[in-house]
Every structure is written in C-alpha cells, then in structure tokens.
C-alpha cells in the first residue's frame with residue numbers, strides 16, 4: 001500500500017458509510033455509551049446497544065459490524081459476550097474489541113482470554129492494554145502483568161509496537177494503539193496517524209467511541225483501512241475542535257460537531273506516516 | 001376538540017408542569033438516560049431513575065407519572081417492569097411506554113406482551129415500533145413481524161396510522177408516532193405535529209427523551225394533550241436549535257437549551273394539523 | 001482553622017491533585033456516570049467505574065480515593081458495595097458516600113446501614129438525605145422517616161446542621177450538605193460555601209459529580225479540606241457558567257469548562273463563612 005492508495009481508501013470508506021448507514025451495535029460500558037452512540041451516528045452509522053445474551057446474538061446476526069468494549073462488566077456478560085463474539089466470528093462479521101482495564105477482575109480476564117479464539121477484526125486500546133492483551137494471549141511483545149492503571153496507559157504507543165503486530169498477525173485483522181500519536185498495524189505494515197489534541201484524554205470516552213467508529217468503518221472497508229480511517233477522523237476532529245473551545249466541556253461538544261462535519265477528503269488528508 | 005381549545009390546552013399543560021414540578025421517575029435505557037433526565041428537568045419535571053423491583057414499585061406509588069423504556073434490558077427487569085406497570089395501572093397513574101427495538105430478544109417480547117394488560121397511557125415509538133406493537137397485541141394495523149432495524153424505523157409515520165389508532169383505542173390513552181412529522185392519536189382524533197429538524201435523528205435519544213417529557217406533561221393533562229404538548233415542544237426546540245448549531249454535538253446542547261427556554265405560548269404556537 | 005489557613009489549604013489541594021492525577025474510581029449511578037467522570041478529569045483526577053465485586057475490591061486496593069453513590073442500584077451491589085467499602089475502611093483509603101434517594105427500597109437501606117461501620121471519609125447529600133442518614137444510623141439530628149422526594153430534598157441546608165455534625169462526629173471525617181448554599185462540617189467546625197447558581201439543580205448530576213470531585217480532592221487533603229475544596233470549585237464554576245449560557249444544555253457544557261479552567265487561587269477565593 002502506498003500513501004496515495006491509502007488516502008484514496010480512507011476517502012472511499014468515509015463516503016461509503018455515509019451512504020450505507022450501516023447497523024453497528026455495541027455492547028459497551030455505561031460511562032461513555034452515549035458518546036459512543038453519538039460518535040457512530042456523527043460519522044454515518046446506526047447505533048444500538050444491548051446487554052442480554054439473546055439480544056447480543058440477535059444483533060450479531062443482523063448487523064454489518066459490531067463493537068464490544070469490556071468497560072463496566074455486568075454479571076450477565078459471562079454469557080452475552082462469548083455468545084455474541086462467537087456468532088460474529090462464525091458469520092465473518094467484522095467486530096472491534098476494546099480490552100479496557102485488562103487485568104482488573106476475574107471476569108474480564110476470562111472474557112478476554114476467550115476472545116482469542118473469536119479473532120476480533122480490530123483491537124483498539126491504549127499501549128498498556130495492547131501489551132497486556134498480547135501477554136494474556138501468549139503472543140510476542142506481550143507482558144504477563146498488566147501495567148494498566150485504572151483505564152490509563154503507563155506505556156508509550158511505540159512500546160506497544162511488537163505486541164500490536166503480534167496481535168494483528170494472530171487475528172488476521174488490525175490493531176490500533178491510541179496515544180499522543182496512533183499506531184495502526186495489520187501485522188505487516190505500520191501506520192502512524194498524527195494530529196489529535198492533548199484534550200482528547202481529558203474527557204472520558206475518546207478511546208471507547210473511537211472503537212465504535214472503527215466498527216462503523218469496518219462495515220465498509222477491511223479492518224486495517226477501517227482502523228486507519230477511524231484514527232484519521234478522530235485526529236482531525238480533535239485538532240480542529242481544540243482551536244476554538246474554552247475547556248473540556250465545550251471540547252466534547254465541538255468534537256462531535258467536527259466528526260459530523262468532517263469531509264471525506266479532509267479525513268483522508270489528515271497526516272499519517274506509512275512506516 | 002378545535003384548534004383553539006387544543007392550543008389553549010397545550011399552553012396550560014406547559015405552564016402547569018413548571019408550577020407543579022411533578023415527580024416523574026423512569027426505568028429507561030443506559031444509552032440516553034442522562035438526556036432523558038435533563039430533558040425532563042428542562043421542561044419542569046423532577047427525574048429519578050431505578051432498576052430494582054421494589055424501587056420501581058415504590059416510585060410508582062409516590063410518582064405523579066412514570067416513563068418505561070425497554071431499551072437496554074437487564075435480567076432484573078423481568079421482575080421490575082411488570083410489577084411497576086401493574087402498580088401504575090392499578091393506581092391509575094399515567095405512564096408512558098417506549099417499545100424501543102421491539103422484536104429483539106425474548107425478554108423484550110415477553111415484557112411488551114404483558115404491558116397490554118396494564119394499558120400505558122401513552123405509547124411513543126417510531127412507525128415500525130408502533131406497527132409491531134399493534135401486531136404483538138393482535139390489534140388492527142399491526143404486523144406479525146417487526147420491521148424494526150436496531151432502533152430505527154423502516155416505515156413512514158403515515159403507514160402507522162391504523163396501528164396507532166388501534167393501540168389508542170385499546171388503551172383508552174394516546175399513541176405518538178415519531179418521524180419527520182409526528183402523528184398523535186387518542187383513537188378517535190389524529191393530530192400531525194409539524195416542525196422539528198432533520199438533525200433530531202442524528203443524535204441518540206430524541207425519541208427516548210420525548211417519551212420522558214410526555215410523561216412529565218401527563219402529570220398535568222390527559223394523555224392525548226400531554227403527548228401533543230411533548231411533540232410540540234420537541235418540534236419547536238428542534239427547529240430553533242438547528243438554526244444556529246455547527247453539528248450534532250452543539251445541536252444536543254442547544255436542544256436542551258431550547259426546551260428550557262421555550263415559552264408556553266410558543267409551544268402552543270408550534271404548527272399542527274388537526275385531521 | 002482560620003480563614004487564611006483554610007484558603008491556603010484549598011489552594012494547595014487544588015494544585016496537588018493536578019500534579020498527582022490520582023486514581024479515584026467510582027461505583028455510581030448510570031444517570032450521571034459520564035458527568036462524574038468528566039468532572040473528575042476536569043479537576044485533575046483519573047476516573048474508572050465498575051460494578052462487579054472483585055473489581056470494586058481490586059480498585060479499592062490500588063486507588064488513592066474512591067466514590068460510592070447508591071443511585072441506580074443493581075442486584076450485584078449487595079455484594080460489591082459492602083466488600084469495596086470494607087477494603088477502603090481497612091486500608092484507610094479516603095472514600096466519599098452519596099446516600100442518594102435514601103429510603104427507597106430494601107437494598108438501599110441495607111447498604112446504607114452497613115456503611116455506618118465503614119465510616120465514609122466524606123458524606124455528601126442534600127439536606128433530606130443527610131437528615132435521613134443520621135436517622136438510619138441512630139444519630140442526633142436524624143429523622144426516622146426519609147423526607148427525600150425521589151432525588152430531591154424537601155428540607156433546607158440549615159435544617160440538616162445537627163445531623164451533619166453528628167454524622168461527621170461518628171465517622172471522624174466530613175459531611176457536606178448541598179443546597180442554595182453548602183454546609184460542610186467535620187463535626188466541630190462548620191463552613192458555609194457561597195456562590196453557585198440556581199441552574200445547578202436544573203441539570204442532573206451536579207450533586208453526584210460533586211461527590212466524585214470531593215473524592216479526587218480527598219486523595220490530596222484531609223476530608224474536611226477536600227469537601228470544602230470541592231464545594232468551592234463547584235460554586236465558582238456554577239456562578240461563572242451561568243453568566244454566559246442560554247439554558248441548561250449549555251450550562252452543563254460551560255460548567256465542565258469552568259471546572260477545567262478554574263485556577264487554584266480562584267477556587268480558594270470563592271466566598272465562604274467559617275462559623
């Protein structure tokens with residue numbers, strides 16, 4: 001892939017989801033669930049959120065792509081999440097996993113262990129989460145002990161490069177490591193997406209909602225291009241929003257505005273480095 | 001009812017809830033629960049949300065009206081929702097049902113089937129949801145198979161007219177079908193509420209929160225007038241907000257502002273057609 | 001404590017949390033969970049929310065302080081909340097309790113009864129909630145019957161003075177009563193924090209998120225100073241935000257902006273009376 005073919009693919013993906021309005025349900029945490037839904041709608045998707053096993057399964061059957069975030073686990077997830085992921089895998093539906101707070105609690109570890117088999121099309125997390133997931137799945141670049149601090153990373157994006165590549169090689173999909181710059185890989189190539197804003201980690205949910213938006217794009221593109229398109233629109237929206245806001249409250253509002261108004265050519269024009 | 005008596009009733013309802021500050025609890029989905037509460041507060045109500053059976057029952061006893069939305073079901077709802085609806089029905093408290101995503105999963109179908117007996121004062125949904133609910137309750141105009149796509153409608157508002165009238169005739173209350181224009185009926189008369197904005201479906205929760213606001217108005221008016229007043233303030237707020245916002249983020253903020261600042265006479269002046 | 005030593009302590013606390021970025025997890029209601037997290041981030045904390053027993057316990061072990069709000073209880077809380085509060089108490093970690101809607105439902109009463117033993121470092125509630133909690137714990141100033149109406153108070157802040165002092169004497173921490181003015185006590189001294197805005201109760205979550213913010217400050221100061229600092233930044237942000245907003249939607253956005261931009265010296269300068 002060259003810079004030009006990638007830019008073209010990003011633009012086409014952004015155009016396509018606005019035409020398709022794909023149904024991209026989520027099973028996600030209650031903290032940022034509203035932000036996830038509004039971000040998905042802002043880029044052209046249709047959102048639907050559930051908790052129960054047969055509802056996750058039912059949406060997996062009819063969706064174009066799906067988003068699973070293990071943020072605020074409920075007891076019923078022990079049944080819902082493996083069942084849903086299994087259907088997505090069997091029907092070859094693209095799905096995005098956010099392994100948020102990996103290492104906290106037994107259920108989270110059990111679920112994330114099971115997901116190895118169901119090969120999420122895109123894994124999106126911060127550096128510490130990506131390193132810990134590679135460790136949990138016994139892949140190279142991983143760490144046996146999670147260095148996740150609550151929901152925050154204690155590692156740099158570049159430090160997660162090997163883990164990200166190993167995860168992507170295992171799934172055959174893509175892995176996106178979020179941070180000051182974003183690293184996205186399909187296990188062979190690595191893209192660094194630039195831009196964004198230091199205000200993005202100052203509100204809750206820029207990571208979660210990015211996973212939801214990558215799932216929307218995964219309905220219209222292969223996982224690698226979908227992940228890159230998601231990172232591009234997020235970095236574009238963040239860099240634009242920070243120029244005219246007063247604080248983090250207005251930043252969140254402006255950020256959704258910028259997702260909504262971002263033109264496909266501008267998304268494709270967000271700076272990146274193809275390593 | 002004539003245009004003038006209806007306008008007067010709308011204005012009186014909007015004035016009354018600001019004076020009463022009625023307690024209007026909700027059992028509603030986690031996606032838009034914050035939006036529901038803030039919309040209810042913006043028009044003059046007091047909000048309170050719960051999940052547990054004895055809490056739903058307790059609030060049903062002390063509330064002025066209540067809102068039940070079957071969006072993101074939890075296992076405990078199998079007990080909470082029928083118990084709460086039963087108390088509301090027995091004590092003749094007005095309550096609003098939003099049958100969101102009808103057709104998805106066994107519990108949703110079971111709950112919505114049971115609600116037939118407890119006759120919600122107002123049923124609010126999109127066209128496909130209203131048609132599917134009439135079908136589930138074996139009423140005319142209904143469809144045996146839900147055409148709901150996630151949380152979105154695949155039918156037009158007018159296509160749900162017969163189903164809406166049949167549902168309202170059964171409950172003795174009102175039914176509101178949300179869409180590009182809103183249809184509200186008490187089973188005899190039909191009102192079309194105009195205005196609104198194409199941006200309303202571009203954010204999550206305009207439908208859910210409208211149900212919550214109709215419940216607030218139902219504390220001060222009969223179900224038909226309450227549903228019309230809710231549709232009027234929503235269409236007014238939507239049409240005003242869209243004139244000065246940049247995207248869907250600022251639209252949500254402006255929409256709440258417009259609910260909060262809407263004068264009763266302006267709400268009554270929002271255009272409608274009494275068919 | 002004199003006015004000047006208190007002002008200095010407030011300023012130091014506000015500075016310290018921005019330097020520490022303490023991990024302050026919450027177990028809180030789904031209505032305002034996003035607002036709680038964003039408010040905590042805006043003043044300099046790191047947020048993380050959970051529901052499961054071993055996750056609450058795990059976060060209690062690694063956190064600097066924690067926030068527990070009994071707003072929308074789930075069945076699993078019967079195990080999660082006592083376990084988490086027990087660890088916090090045993091490890092002498094500061095924690096904030098919000099006894100929202102005390103009196104509603106059996107589980108809420110059971111949990112709040114158990115919390116007496118685990119002595120929350122700060123208790124924050126409206127006047128009716130504070131009076132009811134003192135009653136539940138058989139302390140002076142309390143009432144055997146909750147006068148809470150949904151989530152709203154029916155008592156004035158001053159009416160809760162005795163109950164607040166009795167609660168603080170029992171816990172050895174601080175109690176904050178929120179209202180038109182805020183009363184904070186450590187059982188010996190009483191502070192009245194001024195400012196704020198009549199728009200604060202017109203949005204949902206100013207109370208909940210204040211509890212979360214007090215928990216952030218409790219990671220860097222004793223409970224009394226932490227509670228006062230929280231009340232000060234809230235009253236400052238509210239009084240500033242109301243001057244330029246159109247309604248309650250933009251008020252919430254502006255309020256987070258003002259939390260984020262508030263300078264420590266301005267927080268310390270917010271008017272208070274040391275009684």
*Sequence of C:200, C:1, B:107 once ranked by neighbouring C-beta atoms within 10 Å, starting from the fewest*: C:1, B:107, C:200
_Quick check on segment C:185-229: take the gyration tensor over C-alpha atoms, sort the square-rooted eigenvalues as a ≥ b ≥ c, and tell me if it's rounded (a/c under 1.5), prolate or oblate._
oblate
*asked:* Can you compute the FRET efficiency between residue A:261 and residue A:116 using 1/(1 + (r/R0)^6), with r the Cβ-Cβ distance and R0 = 41 Å? Round to the nearest 0.05.
replied: 0.60
*Shortest first, in nm, what separates the label point of residue C:188 from those of the same position in the other copies (7 Å along Cα→Cβ)?*
7.2, 7.2
_Extended-chain gain in nm, criterion 0.36 nm per residue less alpha-carbon gap, residue B:244 and residue B:79_ = 54.9 nm
*Alpha-carbon spread of segment B:3-274, three principal axes, descending order, Å*: 43, 37, 37
*What fraction of the Cα pairs in segment B:228-267, stated in percent, has a spacing above 16 angstrom?*
25 percent
*Shortest first and in nm to one decimal, what separations exist between residue C:110 and its copies in the other chains, measuring from label points 7 Å along the Cα-to-beta-carbon line?*
2.2, 2.2
*Please work out how much length the chain gains when fully extended from residue B:188 to residue B:106, using 0.36 nm per residue of separation minus the C-alpha to C-alpha distance, in nm with one decimal.*
26.2 nm
*Across peptide A:252-264, how many C-beta atoms of other chains are within 10 Å of each residue C-beta, on average?*
5
*Give the order of A:186, C:54, B:155 when sorted by the count of other beta carbons within 10 angstrom, beginning with the fewest.*
C:54, B:155, A:186
_If neighbour count is taken as other Cβ atoms inside 10 Å, put B:203, A:192, A:27, A:122 in order from fewest to most._
A:192, B:203, A:27, A:122
*Please compute the Cα-Cα pair-distance distribution of segment C:160-275 with 10 Å bins starting at 0, giving whole percents from short to long.*
15, 48, 30, 7, 0
*asked:* Viscosity 0.692 mPa s, temperature 37 °C: give me the Stokes-Einstein translational D for segment A:10-61 in µm²/s, with Rh taken as the Kirkwood radius over C-alpha pairs.
replied: 278 µm²/s
*Rg over Rh [alpha-carbon atoms, Kirkwood Rh] for segment A:1-133*: 0.98
_Label 7 Å beyond Cα on the Cβ vector: residue A:154 copy-to-copy distances, nm_ = 5.0, 5.0
*Please build a GNM for chain B, connecting alpha carbons under 10 Å apart, and tell me which residue among B:28, B:171, B:13 fluctuates the most.*
B:171
*Looking at the protein assembly as shown from every direction and averaging, what is the projected area of its Cα convex hull in nm²?*
29.6 nm²
*Please report, for the Cα atoms of segment B:80-190, the Rg to one decimal and the Dmax as a whole number; what are they, in angstrom?*
12.7, 36
*Which length gain, in nm to one decimal place, applies between residue C:92 and residue C:154 when the Cα-Cα distance is subtracted from 0.36 nm times their residue separation?*
18.9 nm
*Value of relative contact order over chain B, rounded to a whole percent, pairs C-alpha under 8 Å and six or more apart*: 21 percent
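Read the figures in this text as sums done on the coordinates, not as results from a lab. Computed from a prediction, not measured in an experiment: that's the story for all the values here. Here the Cβ is made from the backbone with ideal geometry for all residues, glycine too, and neighbour counts use every protein chain on show.
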